[in-house]
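Written below as structure tokens is the structure these notes are about.
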Amino acid sequence: METSRRPAITILCPPDGGRPTGMESVEAAAEVTYTDAAGLADALRGAEALLLWDYFSEAVRDAWPSADSLRWIHVAAAGVDKLLFPELVDSDVVVTNARGIFDRAMAEFVLGSILAVAKDIHHSHDLQAARTWRRRETRLISTETALVVGTGAIGRETARLLRAVGMDVRGAGRSARGGDPDFGEVVASVDLTAHVGWADHVVVTAPLTAETRGLISKDVLAAMKPGSHLVNVGRGPIVDEEALVSALRDGPLEAASLDVFEVEPLPHDSPLWTMPGVAVSAHMSGDYEGWREALARQFVDNAGRWLSGEPLLNVVDKQHGFVVAEKGEQA
């Protein structure tokens, strides 16, 4: 008797060769091929599913002509902006992402960044390095305001955490609305210039899309509250970096906590490295102990659904570039 052919799954691994853990159930049910970017084109021939474990790789575009059987791509990251090239967007291939894995970690990173500014922690570190004893007054964040730009899962978790410590929070999304369970009031992102002046802290959590690229523009930065603080854990190109440098140097901004940049790693000659009030981190706001294992478990669960014909979780709207949740969450 002829046995039915097992589905073929290709896994694109990073240059260091790291593989997802806990893949035994997937390997038992499918033909799994591990490859690097150089071998992706060959490994895609006949493959029906692809895991981008090397989540920042742009190799799929070059290997796309070999994707003769592909039906599903899972990206082990929340952002899919590096993947959505026109041919893929126009195809029937389903894309899913790692929505939900990084939400709490990134929200805690935002809270830590706000606390560091309000409590003058970075200045204290500099004074310690200079062996200088200088008492100062700091601020209560329970008296301060935060505008979260991006009302998807990461933005919502951030809003919930900031509200939990007493902050007054609003959101900025694709459309204005009131009565939101996490943000209260949501303003339209296209009207940011009219609203950013309300906030002590402007927090960017949005994905990079055609609509959000350059959203935090020179005009938006100029309209921010004097002495305010910008936090960016979304994507670097959402913020006009040249305008940000000017806004930090000449006002109105006092501080910026930046985890993402237009060019990564941040170039050695960038003025952001040494500007007063700027905290630079290496695109790590979502990284926590055990995050890789959590990503692997998420893929194994979704692969089990795919293999058994069940609906996939975290399906990306390829036209918009993010997952649209059932309850209408928006970027």
Along the positive direction of the dipole of the range 103-280 (beta-carbon charges: Lys, Arg +1; Asp, Glu -1; about the Cα centre), which of Ser217, Ser142, Val263 reaches farthest?
Ser142
Taking a point 7 angstrom from the Cα of Ser175 along the C-beta vector, which residues in the range 125-153 have backbone N less than 17 Å away?
150-152
Once normalised by the length of the chain, the mean sequence separation of its alpha carbon contacts under 8 Å that are 6 or more apart gives a contact order in percent of 16
If R0 is 51 Å, what FRET efficiency do you get for Arg249 and Glu31 from their C-beta distance, rounded to 0.05?
0.35
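Rounded to the nearest angstrom and ordered from largest down, what semi-axes does the equivalent ellipsoid of the range 196-302 get from its C-alpha gyration tensor (root of 5λ)?
So the three semi-axes of the range 196-302 are 28, 16, 13 Å.
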Answer label for Cα extents along the principal axes in Å (calculated), chosen among [x] 63, 43, 36; [y] 81, 47, 32; [z] 91, 60, 41:
[y]
With each run of n ≥ 4 DSSP H residues scored as -39500 (n - 2.57), what mean residue ellipticity at 222 nm is computed for the chain after dividing by its residue count and rounding to the nearest 500 deg cm²/dmol?
-7500 deg cm²/dmol
Calculated P(r) of the range 258-331 - Cα pairs past 18 Å, %:
65
When you take every Cα atom in the range 1-76, what is the radius of gyration, and what is Dmax, the widest Cα pair distance, in Å?
12.3, 44
If R0 = 51 Å, then His125 and Leu312, at their Cβ-Cβ distance, give a FRET efficiency to the nearest 0.05 of 0.65
So for the range 103-280, taking the charge dipole from beta-carbon charges (+1 Lys/Arg, -1 Asp/Glu), which of Ala118, Pro226, Val280 sits furthest toward the positive end?
Ala118
Cα atoms only: what Rg and Dmax, in Å, come out for the range 103-280?
15.6, 50
Measure nothing but the geometry: give the 0 to 90° angle between the long axis through the Cα atoms of 291-307 and the longest principal axis through the Cα atoms of the chain, rounded to 10°.
40
Reachable aspartates and glutamates from Lys218, criterion Cα separation under 16 angstrom, eight or more residues apart if same chain:
Asp191, Asp240, Glu241, Glu242, Asp250, Glu254, Glu262
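Quick one: order Tyr55, Tyr34 by neighbouring beta-carbon count within 10 Å, fewest to most.
Working: Tyr55 20, Tyr34 17.
Ranking Tyr55, Tyr34 by Cβ neighbours within 10 Å, fewest first, gives Tyr34, Tyr55.
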Taking alpha-carbon centroids only, the range 20-65 lies from the range 71-112 a number of Å equal to 16
Taking R0 as 41 Å, what's the FRET efficiency between Thr132 and Glu87 from their Cβ-Cβ distance, rounded to 0.05?
0.10
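The numbers here are math on the coordinates, done by the rules we state, and not lab data. All of these numbers come straight from a predicted model, not from anything done at the bench. Counting neighbours? That spans all protein chains shown, and the Cβs are built from the backbone with ideal geometry, glycine included.
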